[in-house]
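What follows is a single structure, written as structure tokens, with notes after it.
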Amino acid sequence: MSREQITHQNQTQGADQKAEEERPMMEGAAAEPVAGGKVWLVGAGPSDAGLMTLRGKAVLEQADVVVYDKLVGQGIMALIPPETELINVGKEAGRHPVPQEEINHILLREARKGRRVVRLKGGDPFVFGRGGEELELLCEWGIPFEIVPGITSAVAVPAYNGIPVTHRDFCSSFHVITGHTKNKPEAEINYKALVDMGGTCIFLMGITAMEGICQGLLSAGMEPTVAAAVLERGTTAHQRRVVSDIAHLPEAAKAAQIRTPAIIVVGEVCTLADRFSWAEQRPLGGLKIAVTRPRDRSSRLAEQLSLFGAEVVLLPAIQTQPVVENQALSTALAHIGEYDWLVFTSPAGVQIFFAELLQRRMDIRSLAGIQIAAIGQATRQAIEERGLFTDLMPQVYSGETLGRLLADRLLQERRRGKSGRVLLPRARKGTEDVIRPLLSEGFAVTDIALYDTLLQAENPKARWDESVDYTTFTSASTVQGFAAMHPEIDYSAVKAVCIGQQTAKAAAGLGMQVFISKEATMDSMTELLMELSSREAGKMAQAESGEAQQ
Ligand code: SAH
């Protein structure tokens, strides 16, 4: 028997024994621990979704229930599949945080139902995260668990502000200290020892106690000119930094109205921030951008935006669902050789069409001899990814233009004796615009409903809020889905970056502020966002120089 098996067996025996002894105390617990129940203590990192570990993400995606608190980034919450249950144990406006004891019991209760429980925490679970306390009860009950460490804010937040926590010119150690002094007298921090060590001091949970902390260091003999910084909402698009010296830090932080979550960094390394700051300098740095594409098709745009430095929030607004047992499609495919043109009007259509071919064990050679049309570049790209080139694509992304262009081509071909039969596999609610010019010239179009576009219902995991700077829409249906998901927000506050005229019309119809990319591609949308970003930066610089002149 392997060591792992032995350990597991011991844990299970332990659980049985505990169940016997303590069952009456456990409110709502199952009579026996159900096999398979397990808890993963996962560190979500400081906020930026890109800073969660690969393992953390994998564990999160297979969870039955996620117990989370307020420091977990919005981008990370949006990674949790819609069907996963959520339990919020963090402090929110008007609500007290769930006491630690109760959190421990929630974890135990859920695991004993046989569920996969993820306890998701900001930063690293063992750095002032009470991870140790949460394991005590699980251990007593023999519940198996795993720890997935996270990137702690103590190191990552300075890094995102251009502050290396160690630097050979300045220090040879760094110290992470809690500034939370509620139940402990302040004297518990050994300021003298910190000053003597001469390392960088990083205080977490220290915003309310900032004056006391700075005073403590000064009284212990720290030079008042030692550099210090407060770093707010680090690693998010809207992170803020105040750099000063230890004597003036509280005053400067107050003037800037710094709020929690923020960390205090004390040490000469803080002087490097201005030279090394980089996060804001990225082409999309400082922007929080929502992506409303369907979950399975959001990754390319989201990745691109985040590579350019944006904070990306996934708010899938629509979902595509293939038509099941598609008889019309089967019939058309059985006669595929009789068609002259195959026309695609969306990347989703391409993906589902080829999946259907595969399912019927037809390979792409069955399309030999058929010409292929695409409505726009994204669709064309999806076709090319399947090893096929398109024969026709309009310059302007619109159903009508595609229909007209195709009708012209078919007229030419008719003169050469072709019948001009068109297969159009697409969304069920597709517009008539594509078909009209073809029908009026007497061509036969087989319009196949390949998939339905479902609007996403309200989803507590994917909430839009006013801190989102721009929301991207890649089709009119994403706008409709967004409206269905967020029925109560003020649409005039939404800055909508739209892929084309149709999409823009839908967004403008709701009263959104509309921006349209030059081309109907995601690259072009990204370029537009960069332009908007540099325009905003320009405006800010202007405002600052205006202030300086006054
Ligand atoms: N386990 C966490 C820390 C929990 S204590 C970690 O390893 O990062 C909570 C404190 O962490 C906050 O009061 C704040 O001081 C700090 N913190 C967490 N996330 C932060 C962020 N994005 N920006 C600034 N400070 C943060």
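The values are calculated or read from the model by the stated rules, or taken from the named source; none is laboratory data. Only a predicted model underlies this, so the values are computations on that prediction, with no experimental measurement involved. Here the Cβ positions follow ideal geometry from the backbone for every residue, glycine too, while neighbour counts run over all protein chains shown.
Scanning the stretch 118-148 for residues that are out of contact with any Leu (no Cβ under 6 Å at 6 or more places or on another chain), of a type in the set (A, V, I, L, M) and more than 9 Å from the ligand (Cβ to nearest atom) yields a count of 5.
Summed over the stretch 327-353, residues that are buried (at least 16 other Cβ atoms within 10 Å of the Cβ) and either closer than 15 Å to ARG428 by Cβ or among the hydrophobic types (A, V, I, L, M, F, W, C) (or both) total 15.
Sort out which residues of the stretch 387-406 are of a type in the set (Gly, Ala, Ser) and crowded, with 18+ Cβ neighbours inside 10 Å, and write them in order of number. Listed by number, the residues that qualify are SER398, GLY399, GLY403. In summary, LYS38 fulfils each of the numbered conditions (1) away from the ligand (no atom under 16 Å from the Cβ); (2) touching a Pro at 6+ places or on another chain (Cβ under 6 Å); (3) modelled with pLDDT under 90 with the single exception of condition (3). The residue list GLY420, GLY430 contains one member that is surrounded by 18 or more Cβ atoms within 10 Å (Cβ to Cβ), of a type in the set (Gly, Ala, Ser) and in contact with a Lys or Arg (Cβ under 8 Å, 6 or more places away or on another chain), which is GLY420. Across the stretch 408-427, the qualifying residues are those that are more than 12 Å from GLN371 (Cβ to Cβ) and touching a Ser or Thr at 6+ places or on another chain (Cβ under 8 Å), and the one among them that is modelled with the lowest pLDDT is ALA427. Checking each residue in the stretch 433-461 for being under 34 Å from the mean Cα position of the chain (by Cα) and surrounded by fewer than 20 Cβ atoms within 10 Å (Cβ to Cβ) picks out ALA449, ASP452, LEU454, LEU455, ALA457, GLU458, ASN459, PRO460, LYS461. Counting only strands (runs of 3 or more DSSP E) that sit completely within the stretch 149-267, those holding 1 or more residues that are free of Cβ contacts under 8 Å to residues at least 24 places away in the same chain and within 11 Å of the ligand (Cβ to nearest atom) correspond to 240-245.
Scanning the stretch 135-161 for residues that are farther than 26 Å from LEU54 by Cβ and out of contact with any Pro (no Cβ under 9 Å at 6 or more places or on another chain) yields GLU136, LEU137, CYS139, GLU140.
Rundown of residues vs (1) without any contact (Cβ under 8 Å) to a residue 24 or more places away in the chain; (2) at positive phi; (3) not assigned by TED's automatic domain parsing to the domain that holds LYS495, yes/no style:
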site	(1), (2), (3)
THR292	no, no, no
GLN304	no, no, no
LEU307	yes, no, no
ASN326	no, no, yes
LEU329	no, no, yes
ALA332	no, no, yes
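Scanning the stretch 80-98 turns up at least one residue that is more than 13 Å from the ligand (Cβ to nearest atom), under 17 Å from the mean Cα position of the chain (by Cα), surrounded by 18 or more Cβ atoms within 10 Å (Cβ to Cβ) and in contact (Cβ under 8 Å) with a residue 24 or more places away in the chain.
Can you name every one of the helices (runs of 4 or more DSSP H) wholly within the stretch 268-365 that holds 1 or more residues which are closer than 30 Å to ASP169 by Cβ?
273-276
Can you tell me which condition LEU272 does not meet? The list is (1) within 11 Å of the ligand (Cβ to nearest atom); (2) touching a Pro at 6+ places or on another chain (Cβ under 9 Å), and all the others hold. Of the numbered conditions (1) within 11 Å of the ligand (Cβ to nearest atom); (2) touching a Pro at 6+ places or on another chain (Cβ under 9 Å), the odd one out for LEU272 is (1). Of the residues examined, GLN74 is not one that is within 16 Å of the ligand (Cβ to nearest atom), within 15 Å of GLY131 (Cβ to Cβ) and polar (S, T, N, Q).
Applying a threshold of 9 Å to beta carbon distances and a minimum spacing of six or more residues, or different chains, the list of pairs starting in the stretch 369-381 at a residue that is free of Cβ contacts under 8 Å to residues at least 60 places away in the same chain and under 9 Å from PRO394 (Cα atoms) and ending at one that is of a type in the set (D, E, K, R) and surrounded by 22 or more Cβ atoms within 10 Å (Cβ to Cβ) reads ALA374/ARG380.
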